[in-house]
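Since the structure comes first, as structure tokens, the remarks are kept for the end.
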Ligand code: FES
Ligand SMILES: [Fe+2]
């Protein structure tokens, strides 16, 4: 029997810019690893966090994933996981499934048997979110939580109520003299940190008290709310992730970040967890650097705090320069394809000034919006409707302890909501 080859794409369309194609329902990435090299084809998603490899690039003859920079060779084997360092060996499951290619008469074809053997699209990419084991923005369990629906200052009156989408439903929310009201009538409405929060049903987890101290002692400022097509679970994972800094944030702060993620602890707390890591970073903003008092390369203590399902906080203490920046990060899961992200910065001792003035705050906010924008640009290419809660549906490495803790906390949250 002669081997059967399936036509995929014109050879002229295959370059060193990875290209996603769908053939007979199979999602592939097709690319040349050198300018004039032969085309290679792999299953379309990175085994780590299921990011489409078409979002990646080619570096040094290898296909590199856009999110954490894992590098793959011509046979699909994973040759480098930057967070583990160059000496580490990638786990076998990190390899991509490869489909043998042939280029003839201007067309690229792949071996039919290899195409058929490619992994199916993950359940988390199903248009309806793929069922149990995947947390979507419309999971019924999320009714048992507080969700931010509007800035308190922007809430309309009964005559002009605010209309919001939450968990796939439309709600109207308004202020009736001093009272908050919503239709349909939810279990609860409250104001915290300048946001109006709505709990459709009795919440399993209270709003955390973590940012409260900072709220009084720091200068606070909100970023413009941002919309992303990624599910809130993925966005939360992205917030807790350190290993993507050098790749996704190369245009802002990431270029000076350490690629290797040293082992760190995650400490369980009621309804969530906390993790503290000391990191090296470049601090060009520190006036002490220009004055020759301190080196550019400095230490920073990063403390992540998480409460289920989507309350997050990152406190960055610059150990050498003394500045403290806290980022409060909360989300509204709107629908299967939309999440609204609210980010508040709480600032102290920036540039040696206890309470930073308006210009400093404005520039910090603008910078953070650029940083968030880099994450959103990757999320826009994701094509996932949910976050896998079953650990073997992705591939976790040492740097992912926070991500693993997140999936476990969310799985426990969903389970208690179902009880
Ligand atoms: S390296 Fe591909 S998703 Fe992490
Ligand atoms: Fe990021």
Mind ranking 119-128, 406-415 by how tightly packed they are, going by the mean number of other C-beta atoms within 10 angstrom, highest first?
406-415, 119-128
Percent of Cα-Cα pairs more than 16 Å apart in the range 25-82, please.
32
What is the helix-to-structure angle for 401-418, meaning the angle in degrees between its Cα long axis and the longest Cα principal axis of the chain, kept from 0 to 90 and rounded to the nearest 10?
70
So what is Rg over Rh here for the range 5-121, counting just Cα atoms and using Kirkwood for Rh?
0.95
Cα long-axis angle, helix 358-379 against the chain (0 to 90 degrees, to the nearest 10):
30
Let me check against my output: what whole-number percent is the relative contact order of the chain, with C-alpha pairs under 8 Å and at least 6 apart?
17
How much FRET efficiency would the formula 1/(1 + (r/R0)^6) give for residue 354 and residue 185, where r is the Cβ-Cβ distance and R0 is 41 Å, rounded to 0.05?
0.35
How far, in nm, would the chain grow between residue 151 and residue 267 when pulled straight, counting 0.36 nm per residue and subtracting the alpha carbon separation?
38.6 nm
Calculate the spin-label point distance for residue 177 paired with residue 227, positioning each point 7 Å from the Cα along the beta-carbon direction, and give it in nanometres.
3.6
I need the per residue convex hull volume for the range 353-419, using only the alpha carbons, in cubic angstrom as a whole number.
180
Arrange the peptides 283-294, 243-254, 205-216 so that the one whose residues have, on average, the most other Cβ atoms within 10 Å appears first.
243-254, 205-216, 283-294
Need one number for the chain: average projected area of the convex hull over its C-alpha atoms, nm².
23.6
May I ask you to list the residues of the range 265-303 whose amide nitrogen lies under 12 Å from a point 7 Å from Cα along the Cα→beta-carbon direction of residue 416?
269-273
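Taking only Cα atoms of the range 220-313, what ratio of Rg to Rh do you get with Rh as the Kirkwood inverse-distance radius?
1.01
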Each label point is 7 Å from the Cα along the Cα-to-Cβ direction; what then is the distance between the points at residue 158 and residue 35, in nm?
7.2
Would you mind getting the Kirkwood hydrodynamic radius of the range 76-200 from its Cα pairs, rounded to one decimal in Å?
19.5
Express the Stokes-Einstein translational diffusion coefficient of the range 226-382 in µm² s⁻¹, to the nearest whole number, given a Kirkwood radius over alpha-carbon pairs, 4 °C and a viscosity of 1.567 mPa s.
78
Before rounding to the nearest 500, sum -39500 (n - 2.57) across all DSSP H runs of length at least 4 in the chain and divide by the residue total; then give [θ] at 222 nm in deg cm²/dmol.
-5000 deg cm²/dmol
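Each reported figure results from applying straightforward, stated rules to the coordinates on display, with no laboratory input. Model, not experiment: these values are computed from the prediction. Here Cβ is always computed from backbone atoms with ideal geometry, including for glycine, and neighbour counts include all displayed protein chains.
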